Amino acid sequence: MLRETFVELLANYTGNTQLINELWAEIEKNYSSKKRHYHTLQHLEHLLKQLQEIKGEILHWDTIIFTLYYHDIIYNSLNSNNEEKSATLAEKRMRQISVASEHIERCKNQILATKSHAQSPDSDTNFFTDADLSVLGQDWSIYSQYYQNVRKEYFIYPDFVYNPGRKKVLHHFLSMKRIFKTDFFFGKFEEQARINLAHELAIL
């Protein structure tokens with residue numbers, strides 16, 4: 001489904017099948033890295049499923065799907081500029097297939113928004129960042145697998161270094177008036193997300 005959706009997306013902009021296949025291969029390779037445990041193709045599949053539920057609410061569907069595929073294409077747990085690097089690569093690839101500049105800028109802004117998941121004046125961005133956080137509101141069995149996979153991505157850090165940082169993240173979310181900015185995701189995931197975050201915090 002991921003590959004088919006990507007091919008259909010790019011077919012709107014180029015008839016170069018070889019280029020489309022090369023760009024998909026790059027995405028598949030990056031998201032399948034052995035160093036990744038959460039930021040994987042499965043994460044993209046989950047995001048796509050969440051966004052398809054609200055496709056009618058999205059103003060710029062093509063753009064948000066570009067954002068989906070490229071928002072974590074560059075990911076290294078040691079670096080703090082993954083979003084910036086991902087946005088830069090997204091721009092490069094979108095220019096290769098002649099996507100309009102306004103859509104490229106919108107995509108880049110959405111990718112950068114995943115750094116803080118803050119409220120945006122752009123509704124599509126809020127839908128995307130909420131979808132990106134939707135794992136927080138899944139059943140505990142899924143959420144527990146998520147936070148364990150995140151821990152694996154930071155395996156180089158011992159617990160005495162990792163745990164305080166993770167607690168800071170959990171406290172940050174729990175202190176927010178609303179974790180989810182859109183009414184759709186708020187109603188669907190807010191309550192369970194707070195239960196999950198508090199539970200993980202208690203375990204740490």
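The values are calculated or read from the model by the stated rules, or taken from the named source; none is laboratory data. Just so it is clear, the model here is predicted, and its values are computed rather than measured. For neighbour counting, all protein chains shown are included, and Cβ atoms are generated from backbone atoms with ideal geometry for every residue, glycine included.
Odds and ends about this structure:
- Criterion violated by Tyr162 - all others in (1) surrounded by fewer than 15 Cβ atoms within 10 Å (Cβ to Cβ); (2) farther than 23 Å from Leu48 by Cα; (3) modelled with pLDDT of 95 or more satisfied: (1)
- Filter pass, Lys85 being under 17 Å from the mean Cα position of the chain (by Cα), under 18 Å from Leu9 (Cβ atoms), surrounded by 15 or more Cβ atoms within 10 Å (Cβ to Cβ) and without any contact (Cβ under 8 Å) to a residue 40 or more places away in the chain: no
- Screening the candidates Lys49, Lys29 for the property of being in a helix (DSSP H, G or I), closer than 17 Å to Thr129 by Cβ, over 12 Å from the mean Cα position of the chain (by Cα) and free of Cβ contacts under 8 Å to residues at least 60 places away in the same chain yields one hit, Lys49.
- Residue in segment 100-108 that is of a type in the set (Lys, Arg) and either assigned to a helix (DSSP H, G or I) or over 18 Å from the mean Cα position of the chain (by Cα) (or both) present: yes
- Within the option set Ser98, Ser123, being touching a residue at least 12 places away in the same chain (Cβ under 8 Å) and in contact with a helix residue (DSSP H, G or I) (Cβ under 8 Å, 6 or more places away or on another chain) holds for one residue only, Ser123.
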